[in-house]
1. Among the residues of region A:129-141, write down those that are at the interface with another protein chain (Cβ under 7 Å from one of its Cβ atoms) and without any contact (Cβ under 8 Å) to a residue 12 or more places away in the chain.
2. What do you reckon, is residue A:144 within 15 Å of the chain's Cα centre (by Cα) and at the interface with chain B (Cβ under 8 Å from one of its Cβ atoms)?
3. Give the residues of region B:127-146 that are assigned to a strand (DSSP E or B) and surrounded by fewer than 20 Cβ atoms within 10 Å (Cβ to Cβ), sorted by residue number.
4. So is residue B:76 in contact with an Asp or Glu (Cβ under 8 Å, 6 or more places away or on another chain), away from chain A (no Cβ under 14 Å) and within 22 Å of residue B:127 (Cβ to Cβ) or not?
5. Filter region B:147-159 down to the residues that are outside any loop (DSSP other than H, G, I, E, B), at the interface with chain A (Cβ under 7 Å from one of its Cβ atoms) and of a type outside the set (Phe, Trp, Tyr), then identify the one that is farthest from residue B:108 (Cα to Cα).
6. Looking only at region A:71-90, count how many residues are part of a loop (DSSP other than H, G, I, E, B) and under 17 Å from residue A:112 (Cβ atoms).
7. Output the residues belonging to region B:55-70 that are surrounded by 13 or more Cβ atoms within 10 Å (Cβ to Cβ) and outside any loop (DSSP other than H, G, I, E, B).
8. May I ask you to say which residue of B:71, B:89 is more than 14 Å from every other protein chain (Cβ to nearest Cβ), free of Cβ contacts under 8 Å to residues at least 12 places away in the same chain and either at positive phi or not acidic (Asp, Glu) (or both)?
There are 2 protein chains.
Amino acid sequence: MVFWKKLFSNSDAVTTSETTEFGGELLNSENQDASQPQIVFSTERDIDFYELEELCDRVGWARRPLRKVKKAIEHSFLVVSMWEVQGKKRRLIGFARATSDHAFNATIWDVVVDPKFQSRGLGKAMMKYAISQLRSADISNITLFADPQVVKFYQRLGFILDPEGIKGMFWYPD
Amino acid sequence: MVFWKKLFSNSDAVTTSETTEFGGELLNSENQDASQPQIVFSTERDIDFYELEELCDRVGWARRPLRKVKKAIEHSFLVVSMWEVQGKKRRLIGFARATSDHAFNATIWDVVVDPKFQSRGLGKAMMKYAISQLRSADISNITLFADPQVVKFYQRLGFILDPEGIKGMFWYPD
């Protein structure tokens, strides 16, 4: 018997709760109705790259070579996925990953939520899950590069824009 | 017999050149005078943590637990050091490291140059060396977070501030 942790209910407290068919941590487990789909977060890396590519297609991202996506996932410090689970079926509806030096800094990349599941607080819940995972690994400096349209989303999660004038900078090949 | 590569002379071309007592790549090797100290770049990770701490002290950085510094260096994708070498002696005068997913992104952290060696183009040469190392690993998105006083330094190296409105953001624990 495996117990799952409850995340991000009223208190943000983490307590053991119900089981699901798959690994991961259950959102709002105290209000579960077995007939309804459940939302589950996971840090497992055994992700179907084609399913991930379909998710990225749905938000309009340019396709990337799966060989490089596989390598990037292997060498990410944290991989977070969000699933809609009903009975024995599950569907990938969100993803994020972070690079890190395992000691001081982490940088979050490739945050994606299925458009059909947006505007329901699930992106926020997934990011809180990612932050809690990085914090439990004693990473204190969590960074990211935000597109203009999601800056406010990250600010609501507690991310600070250009703190003390620190600026995000990019170098691209010619 | 080991041959060293010449970096960042007139053409930025890399050619084999002279030897030194230590590993690494020699700055401006065609103009070497054996009686003068040489500047050498290296990606070796066998760095004396106390020597690195002294270097960071010289630029006024807050001290960090050596245990965590060791872990961060072990889990960095790239570690770059700059040395003043004369005969059998060498002295650490610069350092930088990068986290990466080994595929798409790298983030450069902890860029430091000994104040006595600043304003001579050595920080620029060290960063060019770091960029060349990341490019040779096929990393195309090189990022960093720049303090306000070094934004222009990185711009001169080709780093772009907030491209397309992308913003660097930080999350810190309460």
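1. A:135
2. So residue A:144 fits the description; yes.
3. Listed by number, the list holds a single entry, B:141.
4. For residue B:76, the condition - in contact with an Asp or Glu (Cβ under 8 Å, 6 or more places away or on another chain), away from chain A (no Cβ under 14 Å) and within 22 Å of residue B:127 (Cβ to Cβ) - is not met.
5. Step one: filter region B:147-159 for residues outside any loop (DSSP other than H, G, I, E, B), giving B:148-156.
Still in the list and also at the interface with chain A (Cβ under 7 Å from one of its Cβ atoms): B:148, B:151, B:154.
Then keep just the ones that are of a type outside the set (Phe, Trp, Tyr); that gives B:148, B:151.
On the way: B:148: 16, B:151: 14 Å.
Step by step, filter region B:147-159, then rank; the result is B:148.
6. Qualifying residue count, region A:71-90: 1.
7. Listed by number, the residues that qualify are B:55, B:56, B:58, B:68, B:69, B:70.
8. Values: B:71 fails: more than 14 Å from every other protein chain (Cβ to nearest Cβ).
Unique residue meeting the criteria: B:89.
The values are calculated or read from the model by the stated rules, or taken from the named source; none is laboratory data. Since we're looking at a predicted model, the values are computed, not measured. Don't worry about glycine lacking a Cβ; one is built from the backbone with ideal geometry, like all the others, and counts go over all protein chains shown.
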